[in-house]
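Everything below concerns the one structure shown next.
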Amino acid sequence: MSSIHAAFAITYPDFSLAVDLTLPASGITVLFGPSGSGKTTCLRAIAGLVNPAQGRLQVGDEVWQCSEQGIFLPTHRRDIGYVFQEAGLFPHLSVQQNLEYGYRRIPASKRRISVDSICRFIGVSHLLDRSVHQLSGGEKQRIAIARALLTCPKLLLMDEPLSALDVKLKSEILPYLEKIHQELSIPVIYVTHSVRELARLADHVVLFQNGQVVVSDQAEVVMSDPRHQDIFGDELGSIFDTRVVDHHSDRITQLNSDGVMIWAPGHIGEKGQSYRCRVLASDVSIALCEPEQTTMLNRLPAVIVDIDHRKEQQGQVVVVLALSSHHRLLAQITLRSASELGLSAGMSVWAQIKSVALS
Ligand SMILES: Nc1ncnc2c1ncn2[C@@H]1O[C@H](COP(=O)(O)OP(=O)(O)OP(=O)(O)O)[C@@H](O)[C@H]1O
């Protein structure tokens, strides 16, 4: 499957959505934006739960909807899995019966994954005999994900699947979500309010505002673009996909993101393992010379690409730094520091990173 093309014009009395998106048919695409910006409406349109007068949806070479040609596949004929905020399991059935319910309804020829293997994959094999009311919120949601995956969908749609869970349960489920796309190659379209989930999971990001698409691009590109600081607020920052290179005897882990070395405290993962790092713009400072006597582990040579003055009224600027031809790092610093150091585009500087969050 090459790509997903979704174009909808939906009008409600107090809201209208107009999108024309071409999304990758692999990995996790996150739909992100303020409350009421149209993320769920867009996801529901993809699922066929909304039938706008104007719409076109093509998944790979299959046209699921085309208002011009009078095509509209109803939800049950779209090859999708849908996971909502609430797990929505049948309370009178056991976990096993819940999982088999959807599985039995798909033709045998389409069954690519067995109940056993999906349960092992999502880590729920030990729960099969339980009834639904004997499950925690996180377990219920994992069963809901397993149930959706069992139908071997062409597309998995997830609408804030973690928002009803506490921080601990969220972090239990996140690794399984990463595995879906790494090991099952099912493209996922994922709605969330959480920058943390976005930073951890997204390969591609679509930012929504007032029913319009602000940007649709690779996650690293969207997250390190200072024009989106109103949407990301204090959580503005850059992400880096890295691999563990080495563990040092003083319990520092060396990570490599395509030639850019990042040092993180602690013994992290195994050599060769991949990690996504997130660096908040507010955790980055700038020096004109290589800082020598400093406690900061990460001191990286950089070139200033741009200085964004959108926050000047609050006495701050966001400096866009290039660490390599394709690594961008954002530094949020005071306007005073920027003028005292005489920062300008094209200057070579040193970026110091106060802390690196790992996913
Ligand atoms: N069936 C409907 N009829 C009328 N208005 C609707 C309907 N469904 C959604 N809306 C309106 O469309 C707007 C966008 O809603 P939507 O749920 O898509 O936003 P969202 O970005 O997903 O928000 P949130 O993050 O809060 O879930 C809202 O103003 C909502 O009230």
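The values are calculated or read from the model by the stated rules, or taken from the named source; none is laboratory data. Everything quoted here is computed from the prediction, not taken from an experiment. Don't worry about glycine lacking a Cβ; one is built from the backbone with ideal geometry, like all the others, and counts go over all protein chains shown. Ligands, DNA and RNA are stripped out before the accessible areas are found, and what is left, the full protein with its side chains, is counted by its heavy atoms. Shrake-Rupley method; radii C 1.70, N 1.55, O 1.52, S 1.80 Å.
Worth a mention:
- Alpha carbon centroid spacing (whole Å) that separates segment 301-316 from segment 203-269: 19 Å
- Loop-resident trypsin sites (Lys or Arg not before Pro) (DSSP state other than H, G, I, E or B) in segment 24-99 with no more than 14 further Cβ atoms inside 10 Å of their Cβ are absent.
- Evaluating 6.51 cos²θ - 1.76 cosθ + 1.60 at θ = phi - 60° for every residue in segment 241-253, the Karplus couplings come out as 8, 10, 10, 6, 9, 7, 10, 9, 5, 8, 6, 10, 9 Hz, glycine and proline recorded as x.
- Cα Rg over Rh - segment 273-359, Kirkwood: 0.96
- Positive minus negative residues near ALA25 (Lys, Arg vs Asp, Glu; Cβ under 12 Å): -2
- Percent of alpha-carbon pairs separated by more than 27 Å within the chain: 54 percent
- Among beta bridges from DSSP that stay inside the chain, the antiparallel ones total about 80%.
- Whole-percent carbon and sulfur share, accessible surface of the chain, 1.4 Å: 47 percent
- Relative contact order computed over the chain (Cα-Cα under 8 Å; 6+ residues apart), in percent: 15 percent
- Amide N of segment 190-219 lying under 15 Å from the label point, which is placed 7 angstrom from the Cα of ASP20 along Cα→Cβ: 212-216
- Positive minus negative residues near PHE240 (Lys, Arg vs Asp, Glu; Cβ under 11 Å): +1
- Distant-in-sequence amide contacts of VAL30, defined by a placed amide H-H separation under 5 Å and a gap of 5 or more residues or a different chain, comprise TYR190, ASP203, HIS204, VAL205, VAL206.
- Proximal lysines relative to LYS110, as straight alpha-carbon distance under 28 Å, when same-chain residues fewer than 8 apart are discounted: LYS140, LYS154, LYS179
- Dipole magnitude of segment 3-218 about its Cα centre (Cβ charges: Lys, Arg +1; Asp, Glu -1), debye to nearest 20: 520 debye
- Local net charge near VAL59, Cβ-Cβ under 14 Å (Lys/Arg +1, Asp/Glu -1): +1
- Extreme residue, positive dipole direction of the chain, given options SER249, PRO291, MET347 (C-beta unit charges): SER249
- GNM result for the chain, Cα springs below 10 Å: residue of ARG328, ARG104, ARG200 fluctuating most strongly: ARG104
- Working note: Karplus 6.51/-1.76/1.60 with θ = phi - 60° gives segment 283-294 the couplings 9, 10, 10, 10, 10, 7, 10, 5, x, 9, 9, 9 Hz, where Gly and Pro are set to x.
- Label-to-label distance, GLU68 versus GLU86, with points set 7 angstrom from Cα along the beta-carbon direction: 4.1 nm.
- THR11 versus SER131: modelled label distance in nm, points set 7 Å from Cα along the beta carbon direction: 5.1 nm
- About its Cα centre, segment 155-296 has a charge dipole of approximately 260 debye under the convention of +1 per Lys or Arg Cβ and -1 per Asp or Glu Cβ, with nothing else charged.
- Whole-angstrom gap from segment 21-98 to segment 152-176, using each part's C-alpha centre: 16 Å
- Farthest toward the positive end of the dipole of segment 3-218, out of ILE46, PHE208, TYR103, is the Cα of TYR103, where the dipole comes from beta carbon charges about the Cα centre.
- For segment 1-138, alpha-carbon Rg relative to the globular expectation (2.2 N^0.38 Å, N residues): 1.24
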